[in-house]
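For reference, the structure discussed in these notes is given below.
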């Protein structure tokens, strides 16, 4: 080996048992078809691409090439599949560009029971309209999350359900330490702080539900 070459250790392929063992330590990750999977959501395409590029730079150094997808409406599509042909799903976003992409994707998938609406969540109000109201990685970006949570609960029909996923940035880590990941984590948390959000909103959800009168 020349002095300009660097030895690179290939990542170990974990067995099914090893994957199940480490899952409790991997907050936000899921195990599907013996593969680790996680969805990250960002405010815009620039943030999404920047995050992916920072990860790809690290993946290349360890000769690891995961499946990475940038898409819109995936959560709504999953809910549409869950409710089946007899049900109907509605996705809400303020970005018409993303919504148009999601609508085109829905048409390509042959999904006729899904709808994407343009709305600002700070103004959105749709009382008693749904059996399930769900949001993912949203409340941590808002300055007044309690107001939206109350409107979300008001939008649930009697006997229906509300579900919220929110990030707690203190639970994110990388092992072994990686500069690109640490930089992305630091900048994203700083951005949430700068915009008046709450980087540890996840840990406050139980209290917020009680304050909103959600049983």
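The values are calculated or read from the model by the stated rules, or taken from the named source; none is laboratory data. Treat the numbers as computed from the prediction; the structure is a model and nothing was measured. Neighbour counts are summed over all protein chains in view; Cβ atoms, including those assigned to glycine, are modelled from backbone coordinates with ideal geometry.
Being modelled with pLDDT under 80 and over 18 Å from the mean Cα position of the chain (by Cα) is the filter; apply it to region 17-53 and report the residue that is surrounded by the fewest Cβ atoms within 10 Å (Cβ to Cβ). Ranking the qualifying residues of region 17-53, first place goes to 33.
Can you spot a residue in region 170-177 that is surrounded by fewer than 17 Cβ atoms within 10 Å (Cβ to Cβ), in contact with a helix residue (DSSP H, G or I) (Cβ under 6 Å, 6 or more places away or on another chain) and under 28 Å from residue 151 (Cα atoms)? For region 170-177, residues surrounded by fewer than 17 Cβ atoms within 10 Å (Cβ to Cβ), in contact with a helix residue (DSSP H, G or I) (Cβ under 6 Å, 6 or more places away or on another chain) and under 28 Å from residue 151 (Cα atoms): absent.
Consider region 98-117 and keep the residues that are in contact (Cβ under 8 Å) with a residue 12 or more places away in the chain and out of contact with any strand residue (DSSP E or B) (no Cβ under 8 Å at 6 or more places or on another chain). The one that is nearest to residue 179 (Cα to Cα) is 98. The condition (being modelled with pLDDT under 95 and within 18 Å of residue 93 (Cβ to Cβ)) is satisfied by just one residue among 132, 148, 142: 142.
Listed here are the residues, each with its yes/no results for (1) surrounded by 15 or more Cβ atoms within 10 Å (Cβ to Cβ); (2) without any contact (Cβ under 8 Å) to a residue 40 or more places away in the chain; (3) closer than 29 Å to residue 22 by Cα.
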{"residue": "155", "(1), (2), (3)": "yes, yes, no"}
{"residue": "165", "(1), (2), (3)": "yes, yes, yes"}
{"residue": "181", "(1), (2), (3)": "yes, no, yes"}
{"residue": "210", "(1), (2), (3)": "no, yes, no"}
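Note on region 185-204: residues that are under 25 Å from residue 154 (Cβ atoms) and in contact (Cβ under 8 Å) with a residue 60 or more places away in the chain amount to 2. Here residue 116 clears all of (1) over 18 Å from the mean Cα position of the chain (by Cα); (2) modelled with pLDDT of 90 or more; (3) more than 19 Å from residue 208 (Cα to Cα) except the condition numbered (1).
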